[in-house]
Amino acid sequence: MLSKPAKRDLRHRRRLIGNGYKREDGLWDIEVLLTDKKTYSFNNNDRGYIAAGEALHDMAIRLTMTSKSEIVDIEAVINESPYSICPHAVDNCHLLKGEFVKPGFNKKVVKILGGAKGCRHISDMLAYAATVSFQTIYHNNSLEENNITLENLTYIKEKFVDSCYAYRKDGEVYSHYKEMFDKKLAEANSENN
């Protein structure tokens, strides 16, 4: 828990919510919702007036993905924004169809939607969606150790090593997964011989 703060007044609240869904057709939906609200009212050139508690930003994205993390559909909407032109900033999101959410995805988003080609908030939401998709799709059947596959362990070994404190190469978490990897690899090799 954080320490007790100094006396202060809340001025801005951002809510970023990510949800992952398994669909009946075998695909996955990853949705991210973003709202920004001020605790004070202010004038706005495009909207006239934004009241305290009214959404300054209200945006949503939905990625429909395969189990291999390929984006087969994408929907993005900007329901509220400070400028009337902002809703058009999602027009290029369809260019992500066919892309895979894997290491390097965020760089691909910046290349396709970065700068004047898109909306910074939507790009941030897509980065968050990538994390949500990993937690949803990748972990779907591998949270219990008896269900974890060699593919899952290979991904951990190659992509997670030294990515954070828990997965540091000389730490107990990474060592545990490496031991599981070595065991599964030996089992796979003995089955093939």
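State which residue is least open to solvent (accessible area, probe 1.4 Å) when the search covers only segment 143-161 and only residues that are modelled with pLDDT under 65 and under 21 Å from Asn189 (Cβ atoms). Restricting to residues being modelled with pLDDT under 65 and under 21 Å from Asn189 (Cβ atoms), the top hit is Glu145. The one condition from (1) at positive phi; (2) in contact with a strand residue (DSSP E or B) (Cβ under 7 Å, 6 or more places away or on another chain); (3) not polar (S, T, N, Q) that Leu96 does not meet is (1). Here Val109 meets the list (1) aliphatic (A, V, I, L, M); (2) more than 30 Å from Thr35 (Cβ to Cβ); (3) within 21 Å of the chain's Cα centre (by Cα) almost entirely, failing just condition (2). For residues in segment 8-53 being under 27 Å from the mean Cα position of the chain (by Cα) and among the polar types (S, T, N, Q), which is surrounded by the fewest Cβ atoms within 10 Å (Cβ to Cβ)? Going through the qualifying residues, I end up with Asn19. Give the residues of segment 147-174 that are polar (S, T, N, Q) and closer than 22 Å to Pro103 by Cα, sorted by residue number. Answer for segment 147-174, where residues must be polar (S, T, N, Q) and closer than 22 Å to Pro103 by Cα: Thr149, Asn152, Thr154, Ser163.
No other residue among Ala166, Ala130 is assigned to a loop (DSSP other than H, G, I, E, B), open to solvent by less than 60 Å² (accessible area, probe 1.4 Å) and in contact with a Phe, Trp or Tyr (Cβ under 9 Å, 6 or more places away or on another chain) apart from Ala166. Take the conditions (1) in a helix (DSSP H, G or I); (2) closer than 30 Å to Glu187 by Cα; (3) open to solvent by less than 80 Å² (accessible area, probe 1.4 Å); (4) out of contact with any Ser or Thr (no Cβ under 7 Å at 6 or more places or on another chain); Gln135 misses just one of them, which is (3).
The values are calculated or read from the model by the stated rules, or taken from the named source; none is laboratory data. Fair warning: this is a prediction, and the values are worked out from it, not measured in the lab. Note: ideal-geometry Cβ built from the backbone for every residue, glycine included; neighbour counts use all protein chains shown. These area figures cover heavy atoms from the full protein model, side chains too; ligands, DNA and RNA do not enter into them. Shrake-Rupley method; radii C 1.70, N 1.55, O 1.52, S 1.80 Å.
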